[in-house]
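Report on the structure given below.
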Amino acid sequence: MARLKYFISVIIFIKGFSIELSAQSFTTKRNTSEKAKMHYAEGVKKIIENDPKNALKIFLAAESVDPNFIDAKIQIAAVYLEQKDTTKALLYFNKAFDLNCCYEARVAYKLGNIYYKKQDYKKAESFFLKYIDNEKASPELIYKAKKFARDAHFIDSALQKPVPYSPKRLSDSVNIMGANYRAIFNLEETELFFTNQMNRQEDIYYCLRDSNGNWQKAQPFYAVNTDGNEGSHALSADGKTFIFTACNRDLKNGELDACDIYVSKRTGNKWGDAKRISKAINTEYFESQPSLSADGNTLFFASNRPGGFGNIDIWFSEFKNGKWTKPRNCGAKINTPDDDEMPFIHPDGKTFYFSSEGHPGMGGKDIFMSQRLDDTTFSDPINLGYPINSFSDDVGLTVSADGKTAFLAKKIEDKFFRMDLFTFELPESKRAQSVSYIKCRVKNAKTLQTVIADVEISDLITNKKIFQQKTDDVGEFIVALARDKKFAVNVSAKGFIFFSENLDLAENKTGVVPYVKDILLQPIADSTAISQNTPTKELAATVLKNVFFETNKAELSPISHFELDKLVKMLLDNLSMKIEIRGHTDNVGKPMDNKILSEKRAKAVYDYLVSNGIAANRLRYSGKGETIPIDTNNSEAGRANNRRTDFQIF
């Protein structure tokens, strides 16, 4: 009845407008015949008395008296719409609109709504745009009309150009009874965590992958589950930090019920007690749906806290100096005046998926993809398309390290409330960048005991440091790395010769092939003792794998500074340490030319160390040319290994 009373109350005329209308081929309640006016007034009375059936008869009688009576047609359409007879409602709203498109602005809005529900999206968009152009349109409805018009335009296009979509249901080991959603994996994809809702109880479950690659039966995650609700979670790349949402937990006197973000850490095979992650992140407002970057330094989450663009926005906090910073809003490219939620940052560190009902979509909440360009700058979101996005709410998409394999929950049509997890390949234009990873355990080369070490990884193309952390309590680290780049890896610990590696993942085009190994750090004391006691013995040399020169030149490439600065630090930390820098080449060219070039390159490293505070009497350099190969010279890969700079302790 509310919409009926609306049409009665809004039609108000001023004198000048009435004169204009009377000149048109329609009449109004002001200038129709007396008999039509009498019927109209009786119809309005019946509406007020909540008697739409008889009101309709009377309005129809008014229209029969005056076929051009626009107010009667609007009221007839409104009653039919109230009675859910959209066919006749559409007929009479169109009749009123045809008499005069601007007489009552909301007629165009109603026509847009009806055509939208009838899936005639071109006409729906047209009428919503006509409503927006009407000078009497209300600001509140203008916003809604713009959204509907954008959605109608998008749907019409999306239905004509569906994206590839072949979902496959995960096994019964994962899809247990109830609603299953938000699949999250560790970087190695050996563990799967998901949320299950059964009888209004939300809990977190996990599955382990067996040696055949199959998921074992899902088990409750007892370490974090309680009698309350837990769900919408994130997992660190190494699988040792679990971040999740819990509602109405640990409430103190006077606190309102709320959802907060909690964290639990794993030591060995045991998970620690869950604690609220940070006062900076958790407030008296709603905080939920965390997503953690692969480096563990950025946490995205959804919140309705003040300062956003809409009801629920996506925010992020950074881990700096041992604590989480004050959250910042992701900005207007991501957040809208409507709800924006369920963030997922891919392990590539830049591809960002989220759900929104504010961006143009299929109606309800759709899944979008954006690229994070810097902290608060994102590219324009792209809808994943139909039928990945449906006419229902689509939320909680996650994507594996390969960048193309997605996981999403879909409703199952049966008598129970059921959602199952499905997997599918994303269209190429909607994929994240494929990432591999490096996973290592650092040990003492002499005792094989765990070493807690500093790990730094730099992008050799941009010369930008992308990772800097200590190994965990068992000397392990795991880092996601983009597959189209080259990286310098340095692992160092006090009292040890540092480890250097050069990773060229751009050469690997076959898939996510990780770099996994034990790193054995040589104690400096042992190396010094060997060099002093056995001066004639050929000592093991440490290759500087990230020191580079141009072909046939001896000038250091700027990206070499990352590695050489580590060598400077090691020498400054160990003042009694003396080293010889040696240059080597392959066997291409004349032996004497190779020897001269190798010596010049060794001298360039020597000069860099001296210029950075290392005393010259602690250093010496030599050029070995092609005389000490460490690989074959019969292949390009072998020759590349032989072209190197290394050092020995003397």
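Below, the figures for the structure above:
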read-out: Eligible lysines near residue 494 by straight Cα distance, threshold 17 Å, same-chain separation 8 or greater; value: 443, 446, 470, 566, 569, 578
read-out: Accessible area per residue in Å² at 1.4 Å probe, computed on the chain; value: 48
read-out: Three-way shape call for segment 398-489 based on the alpha-carbon gyration tensor, with the a/c threshold at 1.5; value: oblate
read-out: Helix-only [θ]222 nm of the chain, DSSP H runs n ≥ 4, -39500 (n - 2.57) each, per residue, nearest 500; value: -8500 deg cm²/dmol
read-out: Cα centroid of segment 193-252 to Cα centroid of segment 304-349, whole Å; value: 22
read-out: Approximate spin-label separation residue 34-residue 633, in nm, with each point projected 7 Å along Cα-to-Cβ; value: 11.9
read-out: 0 to 90° range, to nearest 10: angle between helix 34-48 axis and the chain longest Cα axis; value: 50
read-out: Rounded to 10°, Cα long-axis angle of helix 52-65 versus longest principal axis of the chain; value: 60
read-out: Greater than 22 Å apart at Cα, pairs in 168/430; 95/144; 517/595; value: 95/144; 517/595
read-out: Acute angle (nearest 10 degrees) that the helix 105-117 long axis makes with the longest principal axis of the chain, alpha-carbon atoms; value: 60
read-out: Computed accessible area, residue 95, all protein chains, 1.4 angstrom probe, square angstrom; value: 80
read-out: Residue-by-residue Karplus 3J(HN,Hα) for segment 342-359, coefficients 6.51, -1.76, 1.60, Hz, glycine and proline x; value: 6, x, 8, 9, 5, x, 6, x, 9, 7, 10, 10, 7, 10, 8, 10, x, 7
read-out: Loop GluC sites (Glu not before Pro), segment 42-124, which have at most 14 other Cβ atoms in a 10 Å radius of their Cβ (DSSP); value: 49
read-out: Phi to ³J(HN,Hα) by Karplus 6.51 cos²θ - 1.76 cosθ + 1.60 over segment 371-376, Hz, x for Gly, Pro; value: 10, 7, 8, 7, 3, 10
read-out: Using distinct alpha-carbon pairs, which all enter the 1/r mean, Kirkwood radius of segment 120-243 in Å; value: 18.3
read-out: Unit Cα scatterers, Debye sum, segment 232-339: log10 I(q)/I(0) for q = 0.12, 0.16, 0.18, 0.23 Å⁻¹; value: -0.41, -0.71, -0.89, -1.32
read-out: Difference of contour (0.36 nm per residue) and Cα-Cα distance, residue 611 to residue 217; value: 135.7 nm
read-out: Candidate aspartates and glutamates for bridging to residue 545, where Cα separation is under 12 Å - those fewer than 8 sequence places away on the same chain excluded; value: 501, 504, 563, 646
read-out: Volume per residue of the C-alpha convex hull in the chain, rounded to whole Å³; value: 226
read-out: Accessible area of the chain belonging to carbon and sulfur atoms, whole % at 1.4 Å probe; value: 51
read-out: Alpha-carbon centroids, segment 406-470 and segment 558-591: separation in whole Å; value: 33
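The values are calculated or read from the model by the stated rules, or taken from the named source; none is laboratory data. Since this is a predicted model, take the numbers as computed values, not measurements. Using ideal geometry, Cβ is built from the backbone for each residue, glycine included, and neighbour counts are taken over all protein chains shown. Ligands, DNA and RNA are excluded from the accessible area calculation, which covers all protein heavy atoms including side chains. Shrake-Rupley method; radii C 1.70, N 1.55, O 1.52, S 1.80 Å.
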